[in-house]
């Protein structure tokens, strides 16, 4: 079949969604389909990448100060042209991903052309807005758009049981939802890496820094850790809406022990993760996002580095039940205690962590699973 994938992020851009959609495209090609990806021109820092097995059509969009397609104006700069780009191409099926505005454009075009489409739900955007206390009318509008897109999809691929549950609560029948867990590229994130040689042990945080993730708890915990080990450092790689506040807090509490490295290529991020004492992951409890399972958990485990998760919910269970690291209550003192424990614990089993990811969270496998479910559903 001729399949269109509509996504604002695609490789080589450094983002979980970009990697996930590339894995899906690879999986669809392996199923015998002809794939065209409608996406954006990546920032210059992303580098270049060839895709010999399918066509990638790129369109210039507005990006924020950090180079991201993030914000309502930025989304519109992709979704507006997308309407005409989709109308100009014939396809047997379309696959889209968030934001919900992209889902609405896809739903409208597919209704006009009587083409089935699938929605790849990595998260629930209206829940994220509620978690950061966005204005009520904005959250209600986004929830309405999200519900509209999800209900009109032929099927929804959810990245976790929690996301699938929320999709069902928004009115999608159970038989239209499948769970395909997130994953990471185990050819990039693995244990056989040349690690940096820092002067002191460090903890690393990679990826998005948003309000609902609450990475500030690690900065607040650092002073207590420094009382035991004055040389310990925190290293942040990535960006997000919470980064300015994190920088201010670091300058106030531990100005000499926190580094911000910006967005780096996946291979470089993997090296820093591999050499870290622990990889930091957090979700602010009680804001409606406890069902999330950030990809950075899988990236850390794939590199053989234990995770320190602060929060409750699905990620806590993931880390605890599979022995991927340690968990802490979302308080500075509890986090500091776990950081100190990781610094003192020299009993590491990186192959256990990496082996679990290869068996359960390889991006190649997740892409093939999603592609196979879509193929079989269409055949049915």
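Here are the numbers for the structure shown:
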| item | result |
| --- | --- |
| All positions within the stretch 15-41 that are outside any helix (DSSP H, G or I), touching a residue at least 40 places away in the same chain (Cβ under 8 Å) and under 16 Å from residue 58 (Cβ atoms) | 36, 38 |
| The stretch 1-23: number of residues that are buried (at least 19 other Cβ atoms within 10 Å of the Cβ) and within 16 Å of residue 378 (Cα to Cα) | 3 |
| Qualifying residue in the stretch 32-39 (condition: touching a helix residue (DSSP H, G or I) at 6+ places or on another chain (Cβ under 9 Å) and either modelled with pLDDT under 95 or assigned by TED's automatic domain parsing to the domain that holds residue 267 (or both)) | no |
| Residue 69 being surrounded by 14 or more Cβ atoms within 10 Å (Cβ to Cβ) and either assigned to a loop (DSSP other than H, G, I, E, B) or assigned by TED's automatic domain parsing to the domain that holds residue 243 (or both) | yes |
| Scan of the stretch 135-178 for residues that are modelled with pLDDT of 95 or more and under 28 Å from residue 269 (Cα atoms), ordered by number | 157, 158 |
| 3 or more residues touching a residue at least 12 places away in the same chain (Cβ under 8 Å) and surrounded by 19 or more Cβ atoms within 10 Å (Cβ to Cβ): qualifying strands (runs of 3 or more DSSP E) within the stretch 217-335 | 233-237, 278-282, 307-310, 325-328 |
| Residue list for the stretch 130-154, filter: crowded, with 21+ Cβ neighbours inside 10 Å and either touching a helix residue (DSSP H, G or I) at 6+ places or on another chain (Cβ under 9 Å) or over 20 Å from residue 315 (Cβ atoms) (or both) | 142, 146, 149, 150, 153 |
| Test: residue in the stretch 42-61 that is in contact with a strand residue (DSSP E or B) (Cβ under 8 Å, 6 or more places away or on another chain), within 22 Å of residue 146 (Cβ to Cβ) and free of Cβ contacts under 8 Å to residues at least 60 places away in the same chain | yes |
| Some residue of the stretch 78-86 being out of contact with any helix residue (DSSP H, G or I) (no Cβ under 7 Å at 6 or more places or on another chain), closer than 21 Å to residue 371 by Cα and buried (at least 17 other Cβ atoms within 10 Å of the Cβ) | no |
| Residues of the stretch 339-358 classified as part of a helix (DSSP H, G or I) and touching a residue at least 40 places away in the same chain (Cβ under 8 Å), total | 11 |
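The values are calculated or read from the model by the stated rules, or taken from the named source; none is laboratory data. Every value quoted in this text rests on a predicted model; they were computed, and no experiment measured them. Positions of Cβ are generated from backbone atoms using ideal geometry, with glycine treated the same way; all protein chains shown enter the neighbour counts.
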